[in-house]
DNA sequence: GTCTATAGGGGGATAGAC
DNA sequence: GTCTATCCCCCTATAGAC
């Protein structure tokens, strides 16, 4: 494995800081300190802080989308997979590393919005497909709209992160998920 | 009605800016410009930007909590009230004015966290009470945990705001709510 | 109670040597 | 490709006149 270039070190530092403090609060100086790089290096490799952050977010999204692919693959019953996704371990008291950025002013820039949307889209698609499969398996009433329900569950996970961060308490997110799962279980009795 | 004092003008400006850009991105200069006040006035009436924002948030929460009280009062069937709350008109593409602050570093300070928690608590309590009433009315299965379900719906509204802001599209929030309502309707058939 | 003036520090970025 | 040195602007806050 080749020695990490300054470029990679800068990207790694940006990824860490984006998760820890977000975009606006991450200054080029912070990035430089953490990557042991100097202003010249940052602006040699990237035209701006935004460009660096955009590339960092893009790589983070790509990696997380691949990870989530794993959660939704396999041949477990569809509703079991949905449950596994909703109850997956998350560092929820820190929020969602993608959802966190949504309220920053700079989400206006596609460099940041793009990766966030890509992340959400991947989850929504997986959920919609899995819920449709549940309907085929007879564990979810076919009167329900799988696409809409996928948006509901995606929103739920994001909202759970908001509550967990607000209360500094993971259990708020867990309660939100469990409430939804009990509702899904109840509805499935009519399938 | 007495002429607005600089103090009130400063609070009003802070309220507007907290909604438009959030806390960190709202500079004392912005507040001063919008309220036609000068640095001296701001720091005469408030010890810091944080104290001003805290008081502004506190007043905003108080007002919104009173408004929401209205949504949950009246003698409509409980599940109808829940639907009314979930589908209430929101400026969702801008996010939730309370949930928005949760990801800022300064949420660490109780001046900001307090009002946000108070807002969430008020909604959670109203939802839990209304869902319990639905169970008494026979429109929600008693096996479900009304308290947990209240957290679920609170999270859902927050998540809907995150999605709507991400996609600059209110319909994402609406889909999330409709999905949840269809699930509640389905579950209620077993009540 | 409101004003003018200003301070100290950090923000994002650039120039140019090596 | 990485470094040192530096720029200009805005951030939050303070001092003290009116």
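The values are calculated or read from the model by the stated rules, or taken from the named source; none is laboratory data. Since we're looking at a predicted model, the values are computed, not measured. Positions of Cβ are backbone-derived with ideal geometry, glycine not excepted, and every protein chain shown enters the neighbour counts.
There is no residue in segment A:78-96 that is part of a helix (DSSP H, G or I), within 16 Å of DNA strand D (Cβ to nearest atom), away from chain B (no Cβ under 14 Å) and in contact (Cβ under 8 Å) with a residue 60 or more places away in the chain.
Among the residues of segment A:43-62, are any more than 22 Å from residue A:181 (Cβ to Cβ), over 15 Å from the mean Cα position of the chain (by Cα) and within 14 Å of another protein chain (Cβ to nearest Cβ)? No. Residues in segment B:1-11 that are without any contact (Cβ under 8 Å) to a residue 12 or more places away in the chain and in a helix (DSSP H, G or I): B:8 alone.
The residue of segment B:174-191 that is surrounded by the most Cβ atoms within 10 Å (Cβ to Cβ), among those that are within 7 Å of chain A (Cβ to nearest Cβ) and more than 13 Å from residue A:152 (Cβ to Cβ), is B:187. Of all the numbered requirements in (1) part of a loop (DSSP other than H, G, I, E, B); (2) closer than 21 Å to residue B:173 by Cα; (3) more than 8 Å from every other protein chain (Cβ to nearest Cβ), residue A:140 misses one, and that requirement is (2). On inspection, residue A:4 fails the criterion of being on the phi > 0 side of the Ramachandran plot and within 14 Å of DNA strand D (Cβ to nearest atom). The criterion of being surrounded by fewer than 18 Cβ atoms within 10 Å (Cβ to Cβ), touching a helix residue (DSSP H, G or I) at 6+ places or on another chain (Cβ under 8 Å) and over 27 Å from residue A:18 (Cβ atoms) holds for residue B:87. The test for being within 22 Å of residue A:189 (Cβ to Cβ), modelled with pLDDT of 95 or more, part of a helix (DSSP H, G or I) and facing chain A (nearest Cβ under 10 Å) does not hold for residue B:171. Would you pick out the residues in segment A:29-42 that are loosely packed, with under 14 Cβ neighbours inside 10 Å and in contact with a helix residue (DSSP H, G or I) (Cβ under 9 Å, 6 or more places away or on another chain)? Across segment A:29-42, the qualifying residues are A:29, A:33, A:36, A:38, A:39. Residue count for segment A:118-134, restricted to those that are within 13 Å of chain B (Cβ to nearest Cβ) and surrounded by fewer than 18 Cβ atoms within 10 Å (Cβ to Cβ): 2.
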